[in-house]
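Engineer: For reference, the structure I am asking about is given below.
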Amino acid sequence: MTVATPPELEGLVFRELVGSGGYADVYLYEQQMPRMRVAVKVLKGEGLTDAIRRQFRDEADTMAQLADHPYIVQVFRSGTSTDGRPYLVMKYYPPPNLAMRSRTERLGVEDVLRTGIQLASAVETAHRAGITHRDIKPANVLVSQYGAPGLTDFGIAGQLGHGAADDDEDDVGVSVPWAPPEVLFGQSNGDARADVYSLAATLWQLLVGRSPFEVPGGDNSAYGLMPRIRTAPVPPTGRADVPASLERLLAQAMAKDPDARPQSALAFARSLQEIEQEQRFSRTAIVVLDEQGQTTLADQSAPAPGADDDRTRVRAPQSVQGQAPAAPPRPPRSVGGTTAVTGAQGVAAAGTHATYERPAPDLPDAGGTVSRDRLGTRTPTEEPTAAPAAGRNPAVTLAAIAVVVVAVVFLASQLFGRGGAGEPSYTPKTVASQSDDLALDVPSTPTLEAVPVAGAVRFTWTYLAPEKADTFFVRTAGDTSGLGAAVGKGPLRDATFTVKVPKGKQVCAQVQVNRSGPTSEYSAATCGRAK
């Protein structure tokens with residue numbers, strides 16, 4: 001593979017070659033003002049077609065549109081060198097990339113979960129901007145000197161909504177080991193579910209050290225891999241420290257049927273978060289943009305400076321009525337443990353979990369109005385008792401003091417929830433993460449299993465942290481394409497549902513968990529045939 005001479009670029013000094021591909025070389029340059037290292041991707045001069053030039057230009061535009069995201073490699077500028085070669089100036093990430101690391105070390109489960117959530121955040125952000133990556137693989141994930149991943153190489157990115165194979169006039173080049181079967185065999189040029197597949201295949205490689213369908217010592221050429229990708233089940237990682245929940249999620253995300261996968265990168269990220277919670281790992285934030293395209297975290301606890309508190313905080317009640325019971329406010333409903341937000345522009349700070357105090361509760365006075373003097377609130381309708389005057393009867397003085405003490409104790413019980421059963425209560429607390437509160441309210445997405453029995457198919461399901469009050473809704477159809485229009489049956493109390501059908505007939509199902517209002521996402525579609 002030939003490497004072209006690095007071009008002379010204004011304000012940049014060439015340092016060394018970083019890597020080389022079929023159509024482009026990547027060099028390390030030093031920018032002179034301000035002084036910093038940058039990576040420069042330069043198209044090779046020979047063999048350039050109009051399609052390659054257009055693809056390179058589209059990559060620059062796409063990465064510039066998304067580059068404010070903390071897990072997408074930032075593009076500073078683009079241009080054409082004096083000898084006519086297009087180039088991109090990007091943030092420099094030192095070697096090794098994730099492909100190199102996966103070949104030499106086994107990443108820990110916690111590191112893989114964190115990386116998966118961070119990359120899924122980047123992919124979800126691209127999807128919300130209408131862009132599919134279509135070439136997610138370990139080699140296209142760089143790692144900053146602080147350990148944060150950076151998704152790069154949007155060279156074959158496409159527009160969402162144009163996933164059918166005949167929608168695009170040019171064929172899409174793919175990286176076979178991480179590509180889903182519908183792309184490899186021409187049914188699609190890639191959509192959000194195809195990116196989820198490639199993301200899961202990337203995480204599988206980080207755990208094992210090779211791509212999912214690569215056979216050590218076997219034929220791992222494109223022609224050897226493609227039949228296995230099309231028909232073979234996803235192999236287990238074979239690692240004792242990988243939890244069964246992660247094995248199931250990776251297999252689901254690499255399902256042959258796109259409808260059986262998590263239907264968005266956000267749903268995949270939430271499932272990874274649930275595994276983090278199950279394993280008692282630190283929670284990784286999902287970073288997406290809000291509906292105005294402004295800076296936010298999908299499950300951020302504290303508001304951004306100047307942001308409206310209503311958007312990111314669980315607020316305390318603004319008043320407490322007389323003697324009526326008052327329950328603490330429920331947090332806003334969310335799906336899967338994070339607050340879903342939308343948009344296509346803006347910057348997001350990664351991984352922060354700010355701590356803040358809830359606003360102090362408003363306190364009632366005797367007339368039913370609200371006092372905000374939290375620390376200095378007086379007993380309703382009474383002034384502070386004066387010190388006893390000289391010569392006053394000591395018994396009277398002691399009685400007065402006792403009355404004041406009783407009144408203070410009663411008021412404290414009213415304010416801090418230590419009164420009787422019919423008294424209002426509210427206990428201010430420090431919240432480490434709003435998303436943690438929400439995750440307790442929203443049930444996790446269940447995992448569904450189909451068991452063929454005589455004249456029927458029995459569906460059973462499991463999910464994290466079940467509660468006694470949970471109920472279930474099941475929708476069924478003859479195939480996965482009919483599930484979206486099916487009406488859910490329920491509420492069911494037991495985590496099992498049997499569908500009677502003739503012998504040999506297929507039934508497909510999905511299940512949803514309801515927790516007194518908040519609901520999980522529907523499970524991945526699962527099918528079975530009656531015996």
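The values are calculated or read from the model by the stated rules, or taken from the named source; none is laboratory data. Please read these numbers as outputs of a predicted model, since none were measured by experiment. Here the Cβ positions follow ideal geometry from the backbone for every residue, glycine too, while neighbour counts run over all protein chains shown.
Engineer: Tell me, please, whether a residue that is more than 30 Å from Pro243 (Cα to Cα), small (Gly, Ala, Ser) and modelled with pLDDT of 85 or more can be found in the range 31-47.
Structural biologist: yes
Quick grid of which residues meet (1) within 30 Å of Leu249 (Cα to Cα); (2) touching a residue at least 12 places away in the same chain (Cβ under 8 Å):
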residue: Thr5; (1), (2): no, no
residue: Asp25; (1), (2): no, yes
residue: Leu28; (1), (2): no, yes
residue: Ala39; (1), (2): no, yes
residue: Asp50; (1), (2): no, no
residue: Arg54; (1), (2): no, no
residue: Gln65; (1), (2): no, yes
residue: Val109; (1), (2): yes, yes
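Engineer: Residues of the range 182-230 being of a type in the set (Val, Ile, Thr) and either in contact with a Leu (Cβ under 7 Å, 6 or more places away or on another chain) or free of Cβ contacts under 8 Å to residues at least 24 places away in the same chain (or both), which ones?
Structural biologist: Across the range 182-230, the qualifying residues are Val215, Ile229.
Engineer: Within the range 457-485, restricting attention to residues that are closer than 24 Å to Arg529 by Cβ and exposed (fewer than 15 other Cβ atoms within 10 Å of the Cβ), which residue is farthest from the chain's Cα centre (by Cα)?
Structural biologist: Looking at residues that are closer than 24 Å to Arg529 by Cβ and exposed (fewer than 15 other Cβ atoms within 10 Å of the Cβ), I get Gly478.
Engineer: Looking at (1) in a loop (DSSP other than H, G, I, E, B); (2) at pLDDT 95 or above; (3) aliphatic (A, V, I, L, M), find the lone condition where Leu199 falls short.
Structural biologist: If we test Leu199 against (1) in a loop (DSSP other than H, G, I, E, B); (2) at pLDDT 95 or above; (3) aliphatic (A, V, I, L, M), just (1) comes out false.
Engineer: Out of (1) more than 21 Å from Val288 (Cα to Cα); (2) in contact with a helix residue (DSSP H, G or I) (Cβ under 9 Å, 6 or more places away or on another chain), the odd one out for Tyr92 is which?
Structural biologist: (2)
Engineer: Restricting to strands (runs of 3 or more DSSP E) lying wholly in the range 1-118: which have 2 or more residues that are of a type in the set (Asp, Glu)?
Structural biologist: Result: 24-32.
Engineer: A follow-up question, please. Among (1) at pLDDT 90 or above; (2) surrounded by 15 or more Cβ atoms within 10 Å (Cβ to Cβ), there is one condition Gly488 misses while meeting the rest; what is its number?
Structural biologist: (1)
Engineer: Can you name every residue in the range 496-531 that is modelled with pLDDT of 90 or more, surrounded by fewer than 19 Cβ atoms within 10 Å (Cβ to Cβ) and in contact with a Pro (Cβ under 8 Å, 6 or more places away or on another chain)?
Structural biologist: Once the filter is applied, which keeps residues that are modelled with pLDDT of 90 or more, surrounded by fewer than 19 Cβ atoms within 10 Å (Cβ to Cβ) and in contact with a Pro (Cβ under 8 Å, 6 or more places away or on another chain), the range 496-531 yields Arg529, Lys531.
Engineer: Are any of the residues in the range 126-140 crowded, with 17+ Cβ neighbours inside 10 Å, over 20 Å from Asn189 (Cα atoms), at pLDDT 85 or above and in contact with a strand residue (DSSP E or B) (Cβ under 8 Å, 6 or more places away or on another chain)?
Structural biologist: no
Engineer: I've got another one for you. Checking Val40 against (1) among the β-branched types (Val, Ile, Thr); (2) surrounded by 17 or more Cβ atoms within 10 Å (Cβ to Cβ); (3) assigned by TED's automatic domain parsing to the domain that holds Val208, which single condition isn't satisfied?
Structural biologist: If we test Val40 against (1) among the β-branched types (Val, Ile, Thr); (2) surrounded by 17 or more Cβ atoms within 10 Å (Cβ to Cβ); (3) assigned by TED's automatic domain parsing to the domain that holds Val208, just (3) comes out false.
Table: residues versus (1) part of a loop (DSSP other than H, G, I, E, B); (2) of a type in the set (S, T, N, Q); (3) over 26 Å from Ala251 (Cβ atoms).
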{"site": "Val487", "(1), (2), (3)": "yes, no, yes"}
{"site": "Gly490", "(1), (2), (3)": "no, no, yes"}
{"site": "Val507", "(1), (2), (3)": "no, no, no"}
{"site": "Gln510", "(1), (2), (3)": "no, yes, no"}
{"site": "Val513", "(1), (2), (3)": "no, no, no"}
{"site": "Gly517", "(1), (2), (3)": "yes, no, yes"}
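Engineer: Does Asp68 fit the bill of being charged (D, E, K, R) and closer than 30 Å to Gln273 by Cα?
Structural biologist: The answer is yes for Asp68.
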